[in-house]
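The values are calculated or read from the model by the stated rules, or taken from the named source; none is laboratory data. Predicted model only: the values in this text are computed from it and were never measured. Reconstructed Cβ throughout: ideal geometry from the backbone, glycine too, with neighbour counts over all protein chains shown.
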Amino acid sequence: MTPVLRKRATEVNHNNARTRQGSLVLLILLLIMAGSPVGAQVKYEDILKGPAENWLTYSGGYSAQRHSPLKQIDTGNVGSLVPKWAYHVEVGRRLSSVPLVYDGIMYIGNSNEVHAVDAVSGRVIWQYRQENVTGGARANRGVGLLGDKVFFVTGDCYLVALQRETGALLWTHQYADPKQGYHCTVAPFAFKDRVIVGVSGGDSGIRGYMTAHSAETGEEMWRFWTVPTKGEPGADSWGPKTLDWGGGGTWMSGSYDPELNTIYWGTGNPWPDFYGGDRPGDNLYTDSLVALDADTGKMKWYFQFTPHDVWDWDGQQFPVLLDLPYQGRQRKLVVQANRNGFYYVLDRVSGEFLHANPFVDQLTWASGVDKNGRPILVENTYPEPGGVEVCPTVRGASNFMSPSFNPGAGLLYIIALEGCDIYISSAREPVPMVGFAGTGGEKPPRNTNQFFLRALNPTTGERVWEYPMTGPTIMWAGTLSTEGGIVFFGDDDHHLVAVEAKTGEHLWHFNVGQQLFSSPITYMVNGRQYVTLVAQTDVFTFGLFEPLKSIPLVKTTREGL
């Protein structure tokens with residue numbers, strides 16, 4: 001396939017706002033024009049190493065553990081963490097991006113645009129904005145880095161490659177058609193020589209898929225459909241009415257095991273969300289974890305968390321890859337705290353189900369899981385026209401709030417939501433692409449929902465400690481673990497919070513004054529460690545307090561004044 005070229009509408013380079021000298025910028029531009037290589041490359045091998053001074057992919061590394069080896073900020077000095085800079089995104093409304101950092105530059109995604117800023121000062125280096133996007137502004141979860149390129153997706157599903165040093169447009173490729181109900185919000189997942197992206201729109205009727213593209217040209221290399229077509233394996237788990245519009249979005253990034261050459265990606269809910277009468281069966285491969293051959297996109301195995309989902313519980317919470325002893329022998333594991341309220345442990349080589357248990361107390365739709373990991377349903381918990389109260393909520397016991405794992409503490413950290421909703425269904429004829437979801441859920445009159453940060457034993461799901469939050473349960477921020485013995489996370493009172501990794505003891509917090517829709521990161525530049533959190537309209541970066549150098553007083557006289 002030939003990439004579809006699209007002219008960039010707006011490109012802004014603010015050279016005078018850079019900390020680098022203007023002559024250096026000019027030199028870079030001249031070298032690019034001459035076809036000479038510029039700057040260091042973000043190598044695949046660098047991303048393989050995981051996070052350290054840089055933060056090179058959405059979860060820091062391919063295993064999605066979100067654990068940084070940096071320890072300059074530790075339990076002893078985190079109390080002296082102070083704001084270093086804030087960057088305002090002018091058209092930001094609900095920033096959901098996880099920034100990436102390489103070589104002292106931070107890359108921030110927003111709806112249809114990318115900002116490159118100095119990671120020490122927050123001063124803008126360049127901006128790229130795509131105008132006249134079909135469907136307008138959408139959420140955007142960030143960018144991908146590989147080689148000399150920055151990748152992001154537009155709301156109308158163009159994968160865009162920019163030159164990392166300058167923001168110059170290199171190529172675009174449209175991989176999904178908005179006229180078919182698709183829109184796109186995913187952070188591109190870059191590895192080897194390719195970039196994987198997914199689609200949104202499952203709540204209005206699409207046929208979900210993910211695609212891999214050449215990082216050099218944008219050419220599509222493979223495509224995996226999350227809903228089979230007629231005659232394919234799994235198609236008999238659907239009825240004929242919704243097979244072509246079955247949902248199964250792929251709007252969150254995944255994980256990657258380079259030794260197994262396997263991609264692990266969660267899939268979204270079936271459509272219509274809350275009415276299953278026209279889609280009898282398990283509705284494969286929605287609400288699943290799929291393991292794909294990274295070279296071909298062929299499915300190696302799948303595990304479905306919520307067969308025949310009628311509660312809108314996507315399976316797109318991050319799959320975390322762990323190599324740990326399990327029942328007496330070392331295993332390659334993949335774990336997930338699912339939106340349906342159960343915590344799952346699978347063998348990531350074979351997909352074998354190993355263990356599941358609830359990680360929330362309010363769970364009424366199933367009494368447990370059987371030996372194969374299939375939920376044991378409780379009667380009268382399907383949505384009804386008159387409404388039925390079920391736990392967890394429509395937002396789920398978990399969602400896209402990132403988990404993290406601290407190997408020293410041996411704990412997995414998740415954001416959990418305790419709560420229930422009244423689920424209502426409708427048997428109205430499903431019509432795709434008009435926003436029909438089969439009705440939905442609403443809060444009960446007695447709303448006692450509450451967020452918790454919970455630390456789990458990763459192989460048993462046992463709750464070791466928890467940190468209760470006190471806000472209005474309106475946030476989507478995740479967690480970050482560091483070698484300094486700290487877990488950073490965002491709470492629903494607008495705070496970035498630091499707690500002790502082994503005990504959950506509160507150490508520090510800072511109110512950014514805005515709702516949170518993203519997860520914190522950490523990085524190091526010039527020997528100084530920083531922590532960054534994206535809020536609703538601004539990016540906040542923190543570092544350890546440093547006393548100002550004394551400034552000599554200027555003696556003056558009254559006449560001089």
> Hey, VAL160 hits all of (1) on the phi < 0 side of the Ramachandran plot; (2) surrounded by fewer than 21 Cβ atoms within 10 Å (Cβ to Cβ); (3) out of contact with any helix residue (DSSP H, G or I) (no Cβ under 8 Å at 6 or more places or on another chain) but one; which does it fall short on?
Replying inline: (2)
>> On the basis of being within 23 Å of THR185 (Cβ to Cβ), over 20 Å from the mean Cα position of the chain (by Cα) and aromatic (Phe, Trp, Tyr), does TRP301 make the cut?
In response: no
> What are the residues in segment 152-168 that are assigned to a loop (DSSP other than H, G, I, E, B) and of a type in the set (S, T, N, Q), if any?
Replying inline: THR154, THR166
>> Looking only at segment 177-205, how many residues end up being in a loop (DSSP other than H, G, I, E, B) and either more than 21 Å from the chain's Cα centre (by Cα) or free of Cβ contacts under 8 Å to residues at least 24 places away in the same chain (or both)?
In response: 4
>> Return the residues of segment 72-85 that are in contact with a Phe, Trp or Tyr (Cβ under 7 Å, 6 or more places away or on another chain), under 22 Å from VAL124 (Cβ atoms) and surrounded by 14 or more Cβ atoms within 10 Å (Cβ to Cβ); say none if nothing qualifies.
In response: LYS84
>> With the requirement that a residue be farther than 15 Å from MET401 by Cβ and not aliphatic (A, V, I, L, M), what does segment 316-339 give you?
In response: ASP323, PRO325, TYR326, GLN327, GLY328, ARG329, GLN330, ARG331, LYS332
>> Looking only at segment 234-260, how many residues end up being part of a strand (DSSP E or B) and of a type in the set (Lys, Arg)?
In response: 0
>> Quick test of your reading of the structure: GLY438 fulfils all but one of (1) within 24 Å of THR242 (Cα to Cα); (2) touching a residue at least 60 places away in the same chain (Cβ under 8 Å); (3) out of contact with any Gly (no Cβ under 6 Å at 6 or more places or on another chain); (4) surrounded by fewer than 18 Cβ atoms within 10 Å (Cβ to Cβ). Name the failing condition by number.
In response: (4)
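For every residue, the table says whether it meets (1) over 30 Å from GLN330 (Cα atoms); (2) without any contact (Cβ under 8 Å) to a residue 60 or more places away in the chain.
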{"site": "GLY368", "(1), (2)": "no, yes"}
{"site": "ARG374", "(1), (2)": "no, no"}
{"site": "GLY396", "(1), (2)": "yes, no"}
{"site": "PHE405", "(1), (2)": "no, no"}
{"site": "ALA409", "(1), (2)": "no, no"}
>> Here are the criteria: (1) over 22 Å from PHE452 (Cα atoms); (2) over 23 Å from the mean Cα position of the chain (by Cα); (3) assigned to a strand (DSSP E or B). Tell me which single one ASN357 does not satisfy.
In response: (1)
>> Give me the residue from segment 218-262 that is touching a His at 6+ places or on another chain (Cβ under 8 Å) and not aliphatic (A, V, I, L, M) and, out of that set, surrounded by the most Cβ atoms within 10 Å (Cβ to Cβ).
In response: GLY218
>> From the list ASP287, ASP295, ASP282, exactly one residue is out of contact with any Cys (no Cβ under 8 Å at 6 or more places or on another chain), at pLDDT 95 or above and more than 27 Å from GLY341 (Cβ to Cβ). Which is it?
In response: ASP295
